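The numbers here are math on the coordinates, done by the rules we state, and not lab data. This structure is a prediction, so every number in the text was calculated from the model and none was measured. Glycine also receives a Cβ, built like all others from the backbone with ideal geometry; neighbour counts cover every protein chain displayed.
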C-alpha cells in the first residue's frame with residue numbers, strides 16, 4: 001500500500017491545483033532555476049535532464065527526457081510548455097534525437113502561467129530527495145492547467161486520462177463560475193463546449209461530452225477531418241483528402257492499416273493511397289475508384305480504421321492528498337480555492353515587504369528632516385554601533401531605521417532625493433491600503449483571478465482546432481456504409497423472400513421467351529413483386545393483422561435461380577402466421593396513409609407515421625373478426641382513388657375522404 005500511494009502521489013497522477021505531475025513540475029522548476037527563459041539562448045536538453053536527475057527526480061534519464069520531449073511537441077500538447085530546437089519527433093512516431101543533440105528553453109506561456117509569482121511565497125517548499133535543497137510542492141498556476149493541456153497516466157489500481165482544452169474557452173468558463181458559482185453544467189458548456197485537441201479533428205456527440213463533464217468519466221468520439229477533391233474532371237474521379245487525424249493517432253500506421261484492409265478486400269472502392277504530407281501540413285490522399293460512392297468509402301474508413309477513434313475520459317487527479325474522480329465543476333472549484341490561497345499568500349508577502357520598506361523610508365525621512373543634527377551625532381560617536389544606538393535614542397528610530405540612515409550615501413542627501421523618499425512613502429501607504437483591502441475581500445480576490453486569467457487569454461489564446469458536430473454518438477451504422485441503390489423484392493405465397501439486383505434482368509430484344517425470376521418450390525407461386533431502395537423500411541403485414549418492419553438491406557441478396565430466404569428466418573413470426581403483403585417506405589411522412597383490406601371485405605385507412613417505430617415482435621395493424629385475414633395493404637395519399645374489384649368482375653371506385 002505504501003508503494004502504491006507513492007506511485008499515485010509521486011509519479012502517475014497530476015495535482016488538481018497546478019495540473020502537473022511531479023516530473024513536469026521538477027523539469028519546469030529546474031529550467032527556471034537554470035535561467036532558461038523564453039528570451040534566453042537555448043541550452044542542451046542533456047544539461048536540463050542532468051539538473052533534474054541530480055537535484056529533484058532520482059529516476060531514469062530516459063523517463064525525464066521523454067517527458068521533456070512531449071512538453072515540446074505541438075501535436076502532443078495543446079499548449080507546449082517548452083520550446084524545442086532540433087528533432088523532437090513527429091506525428092508518425094519518429095523518435096526524437098538524442099538529448100545531447102536537442103536544445104530547449106521555457107515557453108513564454110509557461111513563464112506567465114506557472115513561474116511568475118514563484119518567489120513571492122505563494123506555495124510551500126519541501127526538501128528534495130536527499131535534503132540538500134528545497135523544491136516547490138506546487139507551482140502557482142494562473143489557469144486550470146489540468147484542463148488546459150490534459151493529462152494521462154497509469155498508477156496502481158487506477159489511471160487518469162483528461163483531454164486538453166482551448167485556453168480562451170477555459171478562461172471564459174472560469175469567469176462564468178466566478179460570476180455565478182451556481183452555474184449549471186449546460187451554462188458552462190456555452191463557454192467551453194468541449195475538448196480541443198492539438199491535432200484538430202471533429203468531435204461527435206454533445207451528450208458524450210456532457211456525461212464526461214458531469215461524472216468525470218465518459219467516451220468522446222473523434223474523427224479525422226477530410227475533404228473531397230475531384231482529381232479527374234473527365235471521368236469524375238474523386239479523392240478523399242485527410243487533413244487532420246484524431247488525437248494520439250499515428251499517421252503512418254493509419255496509412256499502412258488502410259492499405260492492408262484494401263489488400264484484404266475489407267475496404268472496397270479505393271484505387272490508390274499515398275501520403276503527401278510535408279512541412280505545410282498533413283495531406284493523405286485516398287483515390288476512389290470510378291463508380292464508387294466516396295461517402296460510402298469514407299464511412300467504411302470511419303468504421304474499420306483509426307480515422308474514427310474514441311477518447312476515454314477518466315478525470316482522476318490528486319485532491320487534498322488523495323486521488324479522486326472529478327467532474328468539470330469540481331475541478332474548476334478546486335482550482336479556484338487554490339488560486340485564492342495563492343493570491344492571499346502573495347498579498348501577505350507583498351504587504352510585509354511594503355510595511356518593512358515603509359518603516360525604513362520613514363526613518364530615512366526623519367533623518368533627512370534633521371540632517372545637520374544627525375551629522376553632528378554621527379561625528380561625535382566613535383564607531384558604527386555607537387552611532388546607530390545614538391540615532392535610535394535621539395530620534396526614536398528602530399535598529400533597522402538607524403542602520404538604513406547610516407547606509408545612506410551623500411548623493412541621497414539632496415532635496416530632490418528627499419522628495420523621492422516622501423513620494424515612495426506615500427506610494428507604499430497606498431499599496432498597503434490596497435493590499436489590506438484585497439485581503440479582507442473575497443470578491444476582490446475573484447476579480448483579480450479573473451483579470452489575470454483574462455490577461456493570459458489576450459496574449460496566448462488561439463482559435464479552436466477541434467470542431468464539434470452534433471451527433472447522437474458518432475457511431476457508424478450499416479446505413480452509412482451500404483449504398484442506397486435500387487433493388488427488386490420477390491415474395492412467394494409460401495413465405496420465401498429474395499432480393500435481387502435490377503441488372504439481373506437486362507434489356508431483351510423483341511420475340512424472346514423472357515427470363516425466369518427464379519425457381520419456386522413445389523406448389524408455390526409468386527405473391528408480390530416490388531421495386532424499392534436498399535435503405536427503405538419494409539413493412540411486412542401478416543394474415544393475423546400484425547405488422548413487422550426491417551430495413552431492405554437486411555434481406556440476403558441472391559441470384560436469379562435461388563429460391564429465396566424463408567421469412568421465419570428474418571421475422572419473429574408465430575406458428576402458422578403468413579406474410580400476405582409487403583410495403584416499402586422511404587420516409588414516414590404525415591400526408592401518406594396505408595389502406596388495408598381483409599378477405600371478408602373490411603377496409604381501413606391508417607396514417608403512415610403510426611408505423612414509424614415497430615418493435616422486433618411486431619405490432620397490431622388491424623384487429624380482425626374471427627375467421628378473417630388481412631390480405632392486401634397499399635400505400636396512398638388523400639387525393640388518391642381506391643378501386644376494389646370482386647371475384648365476379650365488379651369494380652367500385654371511391655375516394656379516401
Longest principal axis of the chain (C-alpha) makes with the long axis of helix 61-70 (C-alpha) an angle, in degrees to the nearest 10, of 70 degrees
Zone reached by a paramagnetic label modelled 7 Å from residue 366 Cα along Cα→Cβ, restricted to region 375-389 with backbone N below 13 Å, covers 389
Note to self, the chain gives a 222 nm [θ] from helices alone (DSSP H runs n ≥ 4, -39500 (n - 2.57) apiece, / all residues, nearest 500) of -10500 deg cm²/dmol
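If I take R0 = 41 Å and measure r between the Cβ atoms of residue 42 and residue 2 in this structure, what FRET efficiency does the formula 1/(1 + (r/R0)^6) give, to the nearest 0.05? Let's see the in-between values first.
Numbers: r = 41 Å, r/R0 = 0.99.
After rounding to 0.05, the efficiency reads 0.50.
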Placing each pseudo-label 7 Å from Cα in the direction of the beta carbon, residue 638 and residue 529 end up separated by a distance in nanometres of 3.6 nm
Quick note on 594, 456, 416, ordering by fewest other C-beta atoms within 10 Å, gives 416, 456, 594
Nearest 10, in degrees from 0 to 90: the angle of helix 442-460 to the longest Cα principal axis of the chain is 70 degrees
For the pair residue 125 and residue 604, the simple spin-label estimate (label points 7 Å beyond Cα toward Cβ) gives in nm 8.6 nm
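Just to verify a number: FRET efficiency for residue 416 and residue 393, C-beta to C-beta distance, R0 = 35 Å, to 0.05? Before the final figure, lay out the partial values.
Numbers: r = 30 Å, r/R0 = 0.85.
My answer for the efficiency is 0.70.
Which FRET efficiency, nearest 0.05, do residue 589 and residue 569 yield, Cβ-Cβ r, R0 22 Å? Before the final figure, lay out each step's value.
Numbers: r = 31 Å, r/R0 = 1.40.
Efficiency at R0 = 22 Å is approximately 0.10.
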Output ordering of 268-281, 160-173, 292-305 (per-residue mean of other Cβ within 10 Å, highest first) is 160-173, 292-305, 268-281
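Using the Cα gyration tensor of region 187-263, with a ≥ b ≥ c the square roots of its eigenvalues, what is the shape: rounded (a/c below 1.5), prolate (a/b larger than b/c) or oblate (neither)?
prolate
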Taking every DSSP bridge whose two residues both lie in the chain, the antiparallel percent to the nearest 5 is 95 percent
With Cα coordinates, the longest principal axis of the chain makes an angle with the long axis of helix 371-380, in degrees rounded to 10, of 60 degrees
Candidates for mean projected area of the Cα convex hull in nm² are (1) 33.3; (2) 29.9; (3) 48.8, and the calculated one carries label (3)
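Length gain on complete extension for the stretch residue 443 to residue 407, per 0.36 nm per residue less the alpha carbon to alpha carbon distance? All intermediate terms of the calculation are to be shown ahead of the outcome.
Details: separation 36, 0.36 × 36 = 12.96 nm, distance 4.22 nm.
Using 0.36 nm per residue and subtracting the Cα-Cα distance, I get 8.7 nm.
Want the number for residue 234 to residue 289: 0.36 nm per residue separation, take away the alpha-carbon distance, what's left? Could you put the intermediate results ahead of the total?
Values: separation 55, 0.36 × 55 = 19.80 nm, distance 1.37 nm.
Gain on extension, residue 234 to residue 289, equals 18.4 nm.
Sequence gap at least 6, Cα distance under 8 Å: using those rules, report the relative contact order of the chain to the nearest whole percent.
Values: 1147 pairs, mean separation 71.6, N = 657.
This gives 11 percent for the chain.
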Fewest-first ordering of 455, 117, 130 by Cβ atoms within 10 Å yields 130, 455, 117
Residues 467, 88 in order from fewest to most other beta-carbon atoms within 10 Å are 467, 88
Extension length gain for residue 550 and residue 92 (0.36 nm per residue less Cα distance), in nm, is 160.5 nm
Simple SL model, points at 7 angstrom along Cα→Cβ for residue 382 and residue 214; separation in nm is 8.6 nm
Taking 189-196, 95-102 and ranking on average Cβ neighbours within 10 Å, highest first, one gets 189-196, 95-102
